[in-house]
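One structure is given below, encoded as structure tokens.
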Amino acid sequence: MKKATNLILWCVCLLLACAKNTQAQTPVQKNGQLRVTGTKLCNQYGNPIQLRGMSTHGIQWYGWGSCLTEASLDALAYDWGADVLRISMYVQEDGYETDPAGFTAQVNRLIEEATERGMYALVDWHQLTPGDPNYNLSRAKTFFSAIANQHKNKNNIIYDICNEPNSGATWAKIKSYADQMIPFIRAIDNDAVICVGTHGWSTFGLSGDGSLQDVVNNPLTYPNVMYTFHFYAKDHRTEYLNQLDKASNLFPVFVTEFGTQEASGDGPNDFAMAQQYIDLMARKKISWTNWNYSDDFRSGAVWITGTCSNGPWTPARLKPAGAWVRERIMSPADDFPGGGTPVCEPVTASSNDGNVPANVLDNDLNTRWSASGDGQWIQFCLNTPTSVSGVQIAFYQGTTRTSNFDVQVSDSGLVWSNVLTNVHSSGANNNLETFSFTPRTAKYVRIVGHGNSASAWNSYTEVKIQTGTGGGTNQLFTLLPAQDAYVRDGANATLIHGVIDSTFLMTKVNPSATTGNNRESYLLFDANSVSGTINSVKLKVYGKVDLTAITTIPVGVYAVANTSWTEKTLTWNNKPAAGSTALASADISSAAYSYAVWDVTSYVKSEMAAGRKLISLSLKSLASNDSRILFNSAETGNNPPQLVIDAAISTQRMIVASLVDQSTKAATGTILQSYPNPFKNNNTIVFNLETQEHVYLSVFDLTGKEVAVLVNGNLAAGSHRVNFEPGRLPAGIYTLKMVHSGKITATKLVKQ
């Protein structure tokens with residue numbers, strides 16, 4: 001009788017949950033079409049999110065009508081609160097190859113069931129044997145063609161094109177497969193996220209067939225792509241946890257499969273080790289699906305054997321691993337920020353081909369944003385509503401073709417108005433061209449491309465937004481940090497957090513006398529590109545209070561006179577002195593991540609007036625508390641710190657000289673440029689010095705390792721030219737950095 005009563009109560013609760021779900025927004029309604037920004041999976045508003053859910057077992061054994069039914073999926077969506085269902089379709093082992101039409105139909109049905117319940121559907125091409133995904137390339141194209149054509153208009157589809165490459169499937173082989181599959185799917189469904197399995201059973205090579213460095217040396221170059229990582233906590237210990245931590249600092253990672261048991265999916269659970277993974281993934285917003293949603297006899301299947309035939313789908317029918325993972329899907333509650341207003345990122349785009357949107361703000365005509373197709377857009381946020389009077393665009397190959405585009409403005413980033421339509425570039429200029437319109441108050445500006453006279457490509461090397469009215473114009477300079485890091489006292493006083501924990505900035509004043517918990521952050525901005533008369537300067541840093549028990553904590557920004565520190569050497573023990581009085585303060589909330597804003601106009605104006613164009617600042621908590629304040633750093637991959645400078649500029653000034661001019665004649669200030677960029681075998685670097693000084697010029701790879709020293713000595717004033725021959729350095733993105741007179745100038749290099 002007691003069991004019957006408990007069952008009735010659970011059914012009533014589930015019905016209430018279902019009824020509530022018809023009222024509340026589902027995960028897909030809240031987040032919409034997902035996209036990858038930097039190293040994060042982001043929702044439709046550009047905010048990083050974490051999806052948590054379950055993977056099916058092989059649907060040839062435990063599929064639709066067995067462990068996957070209307071009732072079981074209701075329990076997963078409404079009782080558990082899962083965000084994502086991974087649909088695991090084996091290719092071999094009595095899977096897809098035995099009945100392509102039948103298994104395609106079953107995947108279609110499961111996608112519809114997930115969609116009906118507001119969950120994301122992760123379509124898993126579950127290849128295991130043979131381990132090389134190229135073996136099933138033809139089958140994969142047939143399958144994904146059918147799935148993509150059927151569901152390309154949905155906003156909840158995620159593709160996983162190879163589950164666990166293994167047994168000799170090196171990263172080179174996987175990338176060869178991905179380089180064929182990704183464009184193939186993109187031609188049908190151009191905006192869905194695509195996941196790619198990594199070598200060594202999706203461990204970035206830790207379980208064999210190579211190492212993480214293989215991917216660093218030869219990354220995928222497509223937008224909206226993630227790398228997968230798998231672990232089983234009983235077997236995969238601290239070394240694997242560290243691998244996930246390191247890989248997710250470099251690449252967008254989705255943990256599409258994990259278990260609390262041994263790698264076989266069976267054996268004893270290690271919940272303590274699994275919790276370490278859960279904590280890491282929560283902190284870094286790494287999405288995950290657990291293996292598996294079935295009543296298989298192994299300990300990794302969440303349901304007790306026999307449940308799938310008759311139910312009920314109640315907590316009482318869960319194995320220990322099932323009860324554990326259900327609790328971690330349910331709590332803490334999903335953190336899906338957005339609510340209707342996009343985050344104010346300096347620049348975003350509908351897509352890119354590896355030439356990212358940030359390139360149009362780097363004051364370098366050698367870099368560009370590019371995306372192919374009618375309607376591809378690049379968008380700018382101006383921090384606050386501003387009178388906008390035009391755009392200035394430098395076009396890639398601007399002397400050989402004309403580009404077609406519209407310009408739109410918006411107050412919200414959601415509803416747009418055209419201010420220019422069917423506009424064409426001159427076809428005679430590689431420098432900035434000005435396109436003016438009647439001033440409009442707006443916070444967002446979007447350029448919508450319609451290809452060019454030779455192809456469907458939209459490619460811009462630089463973009464600037466004109467603000468203000470009258471004989472001159474205002475220009476917003478959005479500067480990202482040249483250096484940023486936090487420091488910590490006590491036993492951590494000698495640690496370089498800018499290297500070992502580079503994706504965070506933190507502040508904290510410990511409420512007790514115990515050392516080791518105080519934290520301060522440092523930021524360095526290079527304002528050499530700023531010209532004109534400064535109107536205002538705002539420091540913006542994206543963050544929140546770590547613990548929700550605290551509503552707000554004030555944080556002050558302080559002047560730092562020393563500008564020679566670097567994030568690669570900064571520690572608590574060697575940190576530069578900060579001013580004794582805060583320049584400004586802002587209250588940081590625990591409710592959700594958002595940009596905090598400090599007005600530092602007076603200080604920056606005085607520094608610039610004195611000829612000091614490196615701006616060094618420190619952030620410190622102004623109240624003691626047990627809670628840390630977490631901020632994004634420039635290395636986080638999204639919503640980086642910004643120094644936003646509004647300056648009045650004469651319309652008569654030359655905005656940008658051509659690259660040829662800059663590389664052949666003396667110029668005011670320091671110039672650091674390279675060409676060609678991208679390059680293959682040889683790159684020429686040009687820089688100008690106003691005075692005789694010591695110069696240290698070197699090249700760094702994506703891990704921060706210095707791979708080449710080009711100059712280390714005293715040079716005379718004037719223009720200088722250096723050749724860089726990369727030799728056997730792999731293709732990829734590098735940073736060219738010049739240190740001179742206490743200043744740091746940097747730019748990107750792309751080796752093909």
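Step by step: first the residues of segment 56-93, then only those that are surrounded by 24 or more Cβ atoms within 10 Å (Cβ to Cβ) and polar (S, T, N, Q), then the one that is farthest from residue 265 (Cα to Cα). Which residue is that?
88
Between 665, 743, 737, 748, which is among the basic types (Lys, Arg), modelled with pLDDT under 75 and surrounded by 14 or more Cβ atoms within 10 Å (Cβ to Cβ)?
The match here is 743.
Consider segment 540-562. How many of its residues are at pLDDT below 95, crowded, with 21+ Cβ neighbours inside 10 Å and closer than 24 Å to residue 606 by Cβ?
Count: 1.
Could you list, in sequence order, the residues of segment 204-215 that are within 22 Å of the chain's Cα centre (by Cα) and surrounded by fewer than 20 Cβ atoms within 10 Å (Cβ to Cβ)?
Across segment 204-215, the qualifying residue is only 213.
In the list 60, 92, 106, 50, which residue meets the criterion of being in contact (Cβ under 8 Å) with a residue 60 or more places away in the chain and either in the same structural domain as residue 281 (by TED's automatic domain parsing) or touching an Asp or Glu at 6+ places or on another chain (Cβ under 8 Å) (or both)?
Sole residue among the options that is in contact (Cβ under 8 Å) with a residue 60 or more places away in the chain and either in the same structural domain as residue 281 (by TED's automatic domain parsing) or touching an Asp or Glu at 6+ places or on another chain (Cβ under 8 Å) (or both): 50.
Filter segment 242-293 down to residues that are buried (at least 22 other Cβ atoms within 10 Å of the Cβ) and at pLDDT below 95 and give me whichever is nearest to the chain's Cα centre (by Cα).
Filtering segment 242-293 for residues that are buried (at least 22 other Cβ atoms within 10 Å of the Cβ) and at pLDDT below 95, the one nearest to the chain's Cα centre (by Cα) comes out as 252.
Give 489, 484, 501, 526 a once-over and let me know the one that is without any contact (Cβ under 8 Å) to a residue 24 or more places away in the chain, of a type outside the set (A, V, I, L, M) and closer than 24 Å to residue 635 by Cβ.
Only one candidate qualifies: 501.
Would a scan of segment 190-198 turn up a residue that is touching a Gly at 6+ places or on another chain (Cβ under 8 Å) and either surrounded by fewer than 20 Cβ atoms within 10 Å (Cβ to Cβ) or closer than 24 Å to residue 232 by Cβ (or both)? It would help to see each step written out before you state the result.
So the first thing to find is which residues in segment 190-198 are touching a Gly at 6+ places or on another chain (Cβ under 8 Å), and the list is 190, 198.
Applying the additional criterion that residues be either surrounded by fewer than 20 Cβ atoms within 10 Å (Cβ to Cβ) or closer than 24 Å to residue 232 by Cβ (or both) yields 190, 198.
Checking segment 190-198: at least one residue is touching a Gly at 6+ places or on another chain (Cβ under 8 Å) and either surrounded by fewer than 20 Cβ atoms within 10 Å (Cβ to Cβ) or closer than 24 Å to residue 232 by Cβ (or both).
Quick check on this structure: which one of 403, 412, 426, 453 is buried (at least 19 other Cβ atoms within 10 Å of the Cβ), farther than 30 Å from residue 515 by Cβ and hydroxyl-bearing (Ser, Thr, Tyr)?
403
Starting from residues that are free of Cβ contacts under 8 Å to residues at least 40 places away in the same chain and not hydroxyl-bearing (Ser, Thr, Tyr), keep the ones in segment 562-583 and report whichever is farthest from residue 491 (Cα to Cα).
If we take residues in segment 562-583 being free of Cβ contacts under 8 Å to residues at least 40 places away in the same chain and not hydroxyl-bearing (Ser, Thr, Tyr), then 583 is farthest from residue 491 (Cα to Cα).
May I ask you to list the residues in segment 489-518 that are within 24 Å of residue 243 (Cα to Cα) and either over 20 Å from the mean Cα position of the chain (by Cα) or in a helix (DSSP H, G or I) (or both)?
Of everything in segment 489-518, those that are within 24 Å of residue 243 (Cα to Cα) and either over 20 Å from the mean Cα position of the chain (by Cα) or in a helix (DSSP H, G or I) (or both) turn out to be 492, 494, 495, 496, 497, 498, 499, 500.
Which numbered condition in (1) over 29 Å from the mean Cα position of the chain (by Cα); (2) surrounded by fewer than 17 Cβ atoms within 10 Å (Cβ to Cβ); (3) in a strand (DSSP E or B) is the only one that residue 384 fails?
Against the list (1) over 29 Å from the mean Cα position of the chain (by Cα); (2) surrounded by fewer than 17 Cβ atoms within 10 Å (Cβ to Cβ); (3) in a strand (DSSP E or B), residue 384 comes up short only on (1).
The values are calculated or read from the model by the stated rules, or taken from the named source; none is laboratory data. Predicted, not measured: the structure shown is a model, and the values here were computed from it. Every residue, glycine among them, receives a Cβ derived from its backbone with ideal geometry; neighbour counts consider all protein chains shown.
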